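Report on the following structure.
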Amino acid sequence: MALEGPERAARQLFAVLEGLNDQENLGALFRNAAAFGVAGVLLDPTCADPLYRRSVRVSLGHVLTCPFGTLAPWPDALVALRARGVQIVALTPRRVANSERPIELADLAARWTGRPVALLLGAEGGGLSPDALAAADQLATITMADGVDSLNVATAAAIAFHALAPDIGRAASGSGARESRPARAPGAPATTRAGAGGSG
């Protein structure tokens, strides 16, 4: 989904995924993205194919209606997003060396100026790569109880989408299935996926 035209007047949130290879997590994340009005999902070249059957099933079919595409080259395409006015926010459970302390999602939502936001999410375990973190304008985190250091990526995404969700009410009022089309952020060299994966 491009950010040109009348829709640019509304705040827009994109999910940008790095290294997500678990089909169930990917499907759940797409379901969450659809629920909270995310404008599109952009995947780095190492992510699994969201059209794999298991992802489609777990997403309850929202993979087929939520715009998505592959963001490449990686991570240089993140720089291209920023150059076109998109704020790059990396969700991380920990402080990153040589960077500012992550801010809370609620604080991030309060500071949102209306610029499109690309929320970076990494795979469980390793998280976001140093290059992806370095490309971010801002680090954000979710406060958790002592003794818990991370969340399932789809769960973390749902919390973040809810905190930052733009104009959910208006999106819901225009009910009906959204046309399936590729996600395209401004100026980003993105390619689209076609064809389903193997059985799952």
Quiz item: Under a 5 Å amide H to amide H cut-off, with H placed in plane at 1.01 Å, what residues pair with Leu120 once short-range neighbours are removed?
Solution: Val16, Val89, Ala90, Leu91
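Report the GluC sites (Glu not before Pro) located in the stretch 80-158 that are in a DSSP loop and have at most 12 other Cβ atoms inside 10 Å of their Cβ, or state none.
Filter output for the stretch 80-158: Glu100.
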Self-check item: Three-way shape label, the stretch 62-158, alpha-carbon gyration tensor, a/c 1.5
Solution: rounded
Practice problem: Would you kindly derive the ³J(HN,Hα) couplings of the stretch 41-49 from the backbone phi angles with the Karplus curve 6.51 cos²θ - 1.76 cosθ + 1.60 (θ = phi - 60°), listing them in order in whole Hz, with x for Gly and Pro? | Solution: 10, 10, 10, 6, x, 8, 5, 5, 7
Practice problem: At most 15 other Cβ atoms within 10 Å and a DSSP loop assignment: could you name the trypsin sites (Lys or Arg not before Pro) in the stretch 62-133 that fit? | Solution: Arg84, Arg94, Arg95
Practice problem: For Ile103, list long-range residues whose amide hydrogen, built 1.01 Å from N in the peptide plane, is under 5 Å from its own amide hydrogen. | Solution: Leu139, Ala140, Thr141
Quiz item: Residue-wise, which Karplus ³J(HN,Hα) couplings in Hz belong to the stretch 132-139, taking 6.51 cos²θ - 1.76 cosθ + 1.60, θ = phi - 60°, and x for glycine or proline?
Solution: 5, 4, 5, 7, 7, 7, 8, 9
Exercise. Quick one: what are the phi-derived ³J(HN,Hα) couplings along the stretch 52-66, Karplus 6.51/-1.76/1.60 with θ = phi - 60°, whole Hz, x for glycine and proline?
Key: 4, 4, 5, 4, 4, 4, 5, 6, 6, x, 6, 4, 7, 10, 8
Quiz item: Residues with amide H under 5 Å of Leu43's amide H, sequence separation 5 or more or different chain, H placed in the peptide plane at 1.01 Å from N; which?
Solution: Leu17, Gly69, Thr70, Leu71
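Read-outs throughout are calculated quantities, based only on the coordinates presented, and are distinct from any laboratory measurement. Just so you know, these numbers come straight off a predicted model, no measurement behind them. Here Cβ is always computed from backbone atoms with ideal geometry, including for glycine, and neighbour counts include all displayed protein chains.
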